[in-house]
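Report on the following structure.
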């Protein structure tokens with residue numbers, strides 16, 4: 001009798017536990033990653049002349065395929081360009097614009113534009129947190145910037161987006177990445193030419 | 001007066017009847033010598049002789065109660081009606097304490113086998129670690145080290161092996177807590193155990209056939225069979241992390257064998273500190289409890305047990321990096337890139353883990369046969385890992401897994417003969433993993449169902465009093481049925497289409513769904529002997545083979561492991577690994593000198609390893625790719641322990657461990673082998689002075705000189721805007737280090753029958769900055785600095 005009671009308790013508990021599990025045999029749903037940045041587009045618009053467009057597109061996100069990098073046009077020596085950057089997730093249809101999230105969290109993000117390898121150009125920020133957040137903070141974000149092309153040369157133009165950088169560290173608000181810390185959300189290098 | 005009268009009345013009758021027979025041990029049927037048999041209410045008693053025989057004489061017609069006592073047994077009473085000369089045999093059960101002692105020695109049927117190399121830690125040692133982790137406590141055992149992520153995620157390593165290769169048996173149940181991950185610590189509270197045994201190697205077949213590294217067995221407190229209520233409470237405080245811990249347990253037991261017990265632990269700590277800086281975001285919260293009740297009769301009994309483990313663990317903020325150039329910066333800078341003031345807050349990155357374990361077990365003893373036990377257990381493990389995320393996903397975990405396991409096991413222990421014991425058993429389990437898709441991140445571990453069925457037979461035999469031999473065999477079947485999405489690009493890149501194209505269930509635009517169903521048949525076995533050549537000198541020799549099927553991470557991982565900033569690639573083609581291990585243990589004692597030597601050799605075919613294999617590029621930059629593969633490997637090494645007691649008060653203890661691991665295919669060292677290490681403790685104990693104990697311990701860890709060179713080159717734009725190509729030095733082990741630790745304790749008698757123990761400890765007394773090869777955060781920050789701890793224990 002006692003054994004019977006114990007066995008029935010065991011049985012009830014088994015049922016109770018089995019019914020707790022909430023998933024059934026149905027097929028799991030696919031996940032399209034929302035945070036992935038597949039596409040980076042930098043548009044450099046000169047005061048006069050042809051616009052230069054830099055794109056980096058990696059449709060498989062963290063998959064094995066490397067990003068396809070494309071530079072459309074060359075910079076004109078001595079020209080000032082107004083620059084803007086657009087980040088998109090093209091794994092979704094329609095593509096999701098990541099810029100909105102960056103704007104909402106402008107205080108936690110900063111773009112860095114590094115010029116290297118002999119390219120004669122300078123970059124300055126054209127926006128600050130207050131433009132997006134009304135927080136009276138003038139630390140730069142970098143969604144908008146200016147680029148001044150110097151003499152004819154060629155080299156690398158590197159775009160980095162840091163998440164949670166130390167914006168108050170020395171040089172960071174001037175665009176120097178050295179003390180920025182944080183972690184890289186995008187890093188892409190484009191080969192540019194000034195003609 | 002009435003009694004006296006009745007007595008006289010009875011005396012007046014014909015009183016020449018007798019009861020005779022044999023008193024035996026219920027357990028093995030052995031005759032019990034010197035049992036005292038007395039007739040309640042009369043001055044009639046006798047002792048059983050060498051053959052267990054007894055005779056009670058001078059009884060009248062009537063009903064008597066006979067009490068039998070034996071030094072090693074429970075007092076028993078039997079009621080007997082006498083109307084002629086009666087022959088009656090009695091069977092006595094051992095004291096429960098006696099059974100406990102047998103269990104605790106862990107030498108025979110309960111843990112491993114006769115020839116297993118094993119060590120047990122008892123509550124005196126475990127209590128010192130009440131505010132720490134299982135892995136911390138187990139490092140007390142020579143040959144056991146730990147693989148850490150910071151200092152709060154601690155995984156035990158047995159003779160160089162860890163994770164899926166080390167089984168953890170919590171109260172008789174195999175823990176299913178996603179042990180495959182290197183940053184997944186065992187989800188159990190050390191304070192729920194009264195003792196913990198580590199079996200080095202695969203000889204404990206009863207627990208599983210895949211213990212290539214070994215088995216860790218935790219036992220809950222055993223209830224005594226008497227009316228009692230007792231408990232203990234330990235309050236701990238630590239300066240480093242400004243943490244507090246409280247653990248308490250209570251046991252209520254009855255003479256009829258029933259007991260109920262409960263235990264709870266809570267821990268709360270903030271950011272830890274290395275000697276030179278705060279380790280930001282390394283706080284900890286933990287809340288655990290367990291309850292159990294049951295009935296322990298000698299011939300039957302049951303136990304019901306439930307435990308809950310809940311922890312929230314902060315992961316060093318500076319170890320969360322974006323891509324490989326962030327890693328290069330971290331390695332080159334030598335100090336964390338994120339250091340804030342101390343706080344108790346825990347932010348992302350962090351882990352949030354719960355583990356439920358519910359268990360029911362029954363046993364019944366059969367005379368002249370043995371003990372049959374049946375266990376059912378249910379486990380649910382929920383693991384959430386939070387990374388630093390953006391936008392709406394900010395508060396969502398990036399990994400959210402729920403692992404449910406049901407298991408049913410039965411064991412028959414044959415112990416009717418004192419020189420031969422055998423265990424036969426069957427175990428079955430069903431497991432289901434559910435990765436929650438709401439993370440918005442592709443699943444690192446897929447949905448799967450797993451079925452296992454195992455059967456084993458083990459036996460040990462006393463050839464002579466000095467020589468015992470044992471052998472065992474086990475077969476395990478494992479079927480895994482997974483539903484996994486691959487990116488089309490990775491499916492092609494891995495070359496799976498040709499081999500596994502028929503497993504594809506659905507092809508979507510960028511992904512495809514695959515339904516791999518894999519079966520594994522595993523064989524394991526052990527044979528060994530123990531020879532005691534004189535008291536306190538014995539040698540054990542054991543040969544074992546274990547077979548481990550690849551775990552879900554090894555098979556299916558595919559994609560970015562956010563918390564590690566690496567791309568992990570599993571391989572569907574992996575097959576099981578098979579180890580062949582030989583170990584010898586020699587223990588001896590002469591005068592005040594005690595020693596133990598344990599050399600071993602472990603050959604593992606198709607050893608599954610994960611190694612860097614190039615870089616993969618994304619818009620976020622480059623990531624190192626770590627791929628699972630298989631090689632033939634061998635490990636050998638030795639664990640040594642020596643103790644010398646100068647006097648009753650002073651002793652010195654030293655332990656040394658060495659492991660040498662080699663990849664035989666490529667003829668190079670294996671990765672992540674513990675560096676040679678020596679621990680030396682000077683102890684002083686003076687029982688007359690409130691049981692004063694003082695000890696000074698030196699822990700020296702050498703630099704690991706044997707490591708594979710997995711360094712790789714990466715080209716990136718550095719902070720000075722230069723394109724540079726640098727070697728990422730992920731392989732190089734940190735320097736040797738030597739730490740000093742102090743501990744002391746005093747006992748005080750308080751209230752009635754209560755003892756208060758006050759302990760003071762100083763870890764890393766000299767505040768030495770160091771990094772350990774087996775700590776995954778060694779690239780980012782130094783290990784813990786000085787820590788003052790105080791512990792107050794009350795036994796009541």
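Any read-out appearing in this document is the output of simple, stated calculations on the displayed coordinates, not a laboratory observation. This structure is a prediction, so every number in the text was calculated from the model and none was measured. Every residue, glycine as well, gets a Cβ built from its backbone with ideal geometry; the counts of neighbours run over all protein chains shown.
Inside 10 Å of the C-beta atoms of A:53-64, what's the mean count of C-beta atoms belonging to other chains?
6
For a Förster distance of 35 Å, can you work out the FRET efficiency between the beta-carbons of residue A:72 and residue A:178, rounded to the nearest 0.05?
Numbers: r = 31 Å, r/R0 = 0.88.
After rounding to 0.05, the efficiency reads 0.70.
For chain B, calculate the relative contact order in percent as a whole number, restricting contacts to Cα pairs under 8 Å that are 6 or more residues apart.
On the way: 2208 pairs, mean separation 75.6, N = 796.
The value is 10 percent.
How much length, in nm to one decimal, is gained on full extension between residue B:342 and residue B:31, taken as 0.36 nm per residue of separation minus their Cα-Cα distance? Kindly include the intermediate steps, with their values, before the conclusion.
Details: separation 311, 0.36 × 311 = 111.96 nm, distance 6.76 nm.
That pair, residue B:342 and residue B:31, stretches by 105.2 nm at full extension.
Based on the alpha-carbon gyration tensor of the stretch A:108-158 and its eigenvalue square roots a ≥ b ≥ c, which shape applies: rounded if a/c is under 1.5, prolate if not and a/b is larger than b/c, or oblate?
Values: a/c = 4.70, a/b = 2.69, b/c = 1.75.
It comes out prolate by the Cα gyration axes.
Please give the length that would be gained between residue B:589 and residue B:645 if that part of the chain were fully extended, namely 0.36 nm times their separation in residues minus their C-alpha to C-alpha distance (nm, one decimal).
Values: separation 56, 0.36 × 56 = 20.16 nm, distance 1.11 nm.
Gain in length upon complete extension: 19.0 nm.
From Cα coordinates alone, what are the radius of gyration and Dmax values for the stretch B:411-548 in angstrom?
For the stretch B:411-548, the Cα radius of gyration and maximum Cα-Cα distance read 23.6, 74 Å.
Would you mind estimating how fast the protein assembly as shown diffuses translationally, via Stokes-Einstein at 4 °C and 1.567 mPa s with the Kirkwood radius over Cα pairs, in µm²/s?
Details: Rh = 31.9 Å.
Taking Rh from Cα pairs, D becomes 41 µm²/s.
How high is the relative contact order of the stretch B:678-725, in percent, with contacts defined as C-alpha pairs under 8 Å that are six or more residues apart? Could you put the intermediate results ahead of the total?
Details: 42 pairs, mean separation 12.4, N = 48.
In percent, rounded to a whole number, it is 26.
Classify the stretch B:303-373 from the C-alpha gyration tensor, please: rounded if a/c falls under 1.5, else prolate or oblate depending on whether a/b exceeds b/c. Could you put the intermediate results ahead of the total?
Values: a/c = 5.28, a/b = 3.11, b/c = 1.70.
Because a/c hits 1.5 or more and a/b exceeds b/c, the stretch B:303-373 counts as prolate.
Taking a quarter of the surface of the convex hull around the Cα atoms of chain A, what do you get in nm²?
Numbers: hull surface 71.7 nm².
It is 17.9 nm².
Per DSSP H run of at least 4 residues, take -39500 (n - 2.57); add these up for the protein assembly as shown, divide by its residues and hand me the 222 nm value, nearest 500 deg cm²/dmol.
Values: 11 runs with 88 residues, N = 991.
When only DSSP H runs of four or more count, the value is -2500 deg cm²/dmol.
Averaged over its residues, how many other protein chain Cβ atoms are within 10 Å of peptide B:427-440's Cβ atoms? Don't jump to the answer; show the numbers that get you there.
Values: counts 0, 0, 0, 1, 0, 2, 1, 4, 3, 1, 4, 1, 3, 6.
Across B:427-440, the average partner-chain Cβ count within 10 Å equals 2.
Run the simple label-point estimate for residue B:465 and residue B:45 please: 7 Å along Cα→C-beta, distance reported in nm.
Those two pseudo-labels are separated by 3.1 nm.
In peptide B:612-619, what is the residue-averaged number of other protein chain Cβ atoms found within 10 Å of each Cβ?
Values: counts 0, 0, 0, 1, 5, 9, 16, 20.
Across the residues of B:612-619, the mean count of other-chain Cβ atoms within 10 Å is 6.
Per-residue counts of other Cβ atoms within 10 Å, averaged by peptide: what ranking do you get for B:39-49, A:184-194, highest first? Could the numbers behind the result be given before it?
Values: B:39-49: 14.7, A:184-194: 20.8.
Going by the mean number of other Cβ atoms within 10 Å, highest first, we get A:184-194, B:39-49.
Quick one: which of B:162-172, A:72-82 comes out on top by average Cβ neighbours within 10 Å, and what's the full order, highest first?
On the way: B:162-172: 22.7, A:72-82: 16.5.
Averaged packing, sorted descending, gives the order B:162-172, A:72-82.
Label points 7 Å out from Cα along the Cβ direction at residue B:394 and residue B:306: separation in nm?
About 3.7 nm, to one decimal.
Angle check, please: helix B:324-333 long axis (alpha carbons) against the longest principal axis of chain B (alpha carbons), in degrees 0 to 90, nearest 10.
80 degrees
Rounded to whole Å and ordered largest first, report the semi-axes of the equivalent ellipsoid of the stretch B:98-217 derived from its Cα gyration tensor (root of 5λ). Write out the running numbers ahead of the final one.
On the way: eigenvalues 87, 58, 30 Å².
The three semi-axes for the stretch B:98-217 are 21, 17, 12 Å.
How tilted is helix A:2-20 with respect to the longest principal axis of chain A? Cα atoms for both, answer in degrees (0 to 90, nearest 10).
20 degrees
Taking chain B as the reference, fit the longest principal axis to its C-alpha atoms, fit the long axis of helix B:2-12 to the helix C-alpha atoms, and give the angle between the two in degrees, 0 to 90, nearest 10.
With both axes taken from Cα atoms, the answer is about 60 degrees.
Provide the three semi-axes, in whole Å and in decreasing order, of the ellipsoid equivalent to the stretch B:223-795 as defined by the square roots of 5 times the Cα gyration tensor eigenvalues.
Working: eigenvalues 343, 230, 153 Å².
Semi-axis lengths for the stretch B:223-795 are 41, 34, 28 Å.
If you take the beta carbon distance between residue B:515 and residue B:428 as r and set R0 to 25 Å, what does 1/(1 + (r/R0)^6) give as a FRET efficiency, to the nearest 0.05?
Numbers: r = 23 Å, r/R0 = 0.92.
That gives a FRET efficiency of 0.60.
Between the stretch B:727-796 and the stretch B:416-430, what is the C-alpha centre distance in whole Å?
41 Å
Suppose a student asked you for the relative contact order of the stretch B:25-82, using Cα pairs under 8 Å spaced at least 6 residues apart; what percent would you report?
Working: 101 pairs, mean separation 17.3, N = 58.
Relative contact order, the stretch B:25-82: 30 percent.
For the ranges B:147-158, B:586-597, what's the packing order if you count other beta-carbon atoms within 10 Å of each residue, average per peptide, and put the highest first?
Working: B:147-158: 24.7, B:586-597: 13.9.
The peptides rank, most packed first, as B:147-158, B:586-597.
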